[in-house]
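Beneath this line is the structure, given in structure tokens, with notes to follow.
The values are calculated or read from the model by the stated rules, or taken from the named source; none is laboratory data. No experiment lies behind these values; they were computed from the predicted model shown. All Cβ positions, glycine included, derive from the backbone under ideal geometry; neighbour counts span all protein chains shown. Side chains included, ligands, DNA and RNA excluded: accessible areas come from the protein's heavy atoms. Shrake-Rupley method; radii C 1.70, N 1.55, O 1.52, S 1.80 Å.
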Amino acid sequence: MMPRRILHTAEVLYSPDGGDPRTDQGVLVDEDGKVLAIASTSQLQGEADERRDHQLLMPGVLNAHIHLTDAGRKSTVPGGEGLVAWVRNLMRARDGNRTEEEQDADILTTLKEMIGRGTVAVGEVVNHPRTVKLIVDSGIHCRLIHELIGFSEERAEEKITFAEKLYADVEWSEQLRHALGVHAPYSVSFALMEAIELWSRERGSYVYQHLAEDPAERDLYERGEGEWVQFLKEIGSWDETFQPPGISPIAYYDARGFLSDRFVAVHLADARAEEIRLLASRGVKVILSPTSNLHITGLLPPVRQMVEEGMTLALGTDGRGSNPSMDVFDEARFLYSHFPDLPAGTLLRALTLGGAEVLGFPQLGRVAVGTRPGLVSVESMGKTINPEHLEDSIFSAETAVTSIYSDSE
């Protein structure tokens, strides 16, 4: 029996690498979601076994920074007083009474919800491999980012060796890829940062790091004082040999040669104008999680300047400790409501191609013949989708977003 071919028609078809949104288009796919042809509806009508009509079709979206281990959290951790205060609240709010089976059920439910709403890949940030099998079984693409933590200058190489051993039995693939992450300037020593950079460079991998999330990390590096010093002493992680470099973490990393087009900064909510210019000049990419930033610190990243400087943007929801939603479309809506004057296509590109570039999945984020982009159908409730104001149609109105992966869905 010949494989069935499904024609998905669209009043508007959006692909970030295809120029302006196109009208009256058809996308012919096989039962596995592979794109066989893209043309006008009339040209493809006779090629299909079945036809399905949509208002808007676009490629699946990517949630580039997420913590699935927080999937079962029922409410956010109180914020608004800065990152250090939020971390203290998070430590007090840890729920050690839930079984692994209950946690796994929450993760699976969240994955299904995300997939159903159009997410085709995630940047899962972890300290252990317990979510790997659940992610693989779900069919979603994943860049597993194992964050290393260690403020002491001792045993940097041992930490990398230990992290590698955790994943010795994992089968990495086109669907599941690995990276080491640097947690943050306040939790990673200079020696460990250098070791992770070397490990990543040798493997051609990106380096991912929380950076410029809160002013307290600047106090630590510039003056060797502030909230992080007190907190690290409280938990027994302070290194008495620490010598502040006297400059911001961003300036220090640049001086050490860490900033490059392989560096991915997460947050940048506290980044200053000159720092954004520096990061952009080095080709640094950024993952934005503004809902989390506003909840924890009351800050929003300087998105307009990032766009003006030409930085590659991706979006991530972070964890449920600081964001009740793990739907990355909600993150785009949040940014659209706060920055409605961004150049047309900025947020849609961040949801799609930006995320694909940052996570290293070049086959995702665009609708092209030969790809399996995980088509997404967007229906605007009772309204016409305007291709000339596409983001306004998607993000400022009530819409229904549905994944289209195969004929069975």
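Worth pointing out:
- The range 217-231 - residue that is free of Cβ contacts under 8 Å to residues at least 24 places away in the same chain and of a type in the set (D, E, K, R) and, of those, nearest to Ala269 (Cα to Cα): Asp219
- Per the listing Asp20, Asp24, Asp32, the residue uniquely open to solvent by 80 Å² or more (accessible area, probe 1.4 Å) and part of a strand (DSSP E or B) is Asp24.
- Boolean, Gly283 is modelled with pLDDT of 95 or more, over 16 Å from the mean Cα position of the chain (by Cα) and of a type outside the set (Asp, Glu): yes
- At least 1 residues being under 25 Å from Ala314 (Cβ atoms), without any contact (Cβ under 8 Å) to a residue 60 or more places away in the chain and of a type in the set (Lys, Arg) is the threshold, and among the helices (runs of 4 or more DSSP H) wholly inside the range 92-196 those reaching it are 100-116.
- Residue in the range 250-257 that is of a type outside the set (D, E, K, R), assigned to a loop (DSSP other than H, G, I, E, B) and surrounded by 14 or more Cβ atoms within 10 Å (Cβ to Cβ) present: no
- Residue in the range 28-45 that is farther than 28 Å from Val369 by Cα and out of contact with any strand residue (DSSP E or B) (no Cβ under 8 Å at 6 or more places or on another chain) present: no
To keep it simple, each residue is scored yes or no on (1) in contact with a helix residue (DSSP H, G or I) (Cβ under 9 Å, 6 or more places away or on another chain); (2) closer than 20 Å to Glu81 by Cα; (3) not acidic (Asp, Glu).
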position: Arg218; (1), (2), (3): yes, yes, yes
position: Gln230; (1), (2), (3): yes, yes, yes
position: Pro245; (1), (2), (3): yes, no, yes
position: Ala255; (1), (2), (3): no, no, yes
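- Subset tally (residues that are open to solvent by less than 20 Å² (accessible area, probe 1.4 Å), touching a helix residue (DSSP H, G or I) at 6+ places or on another chain (Cβ under 8 Å) and among the hydroxyl-bearing types (Ser, Thr, Tyr)) for the range 293-352: 2
- In summary, Phe395 fulfils each of the numbered conditions (1) open to solvent by less than 70 Å² (accessible area, probe 1.4 Å); (2) touching a residue at least 60 places away in the same chain (Cβ under 8 Å); (3) closer than 16 Å to Ile115 by Cβ with the single exception of condition (3).
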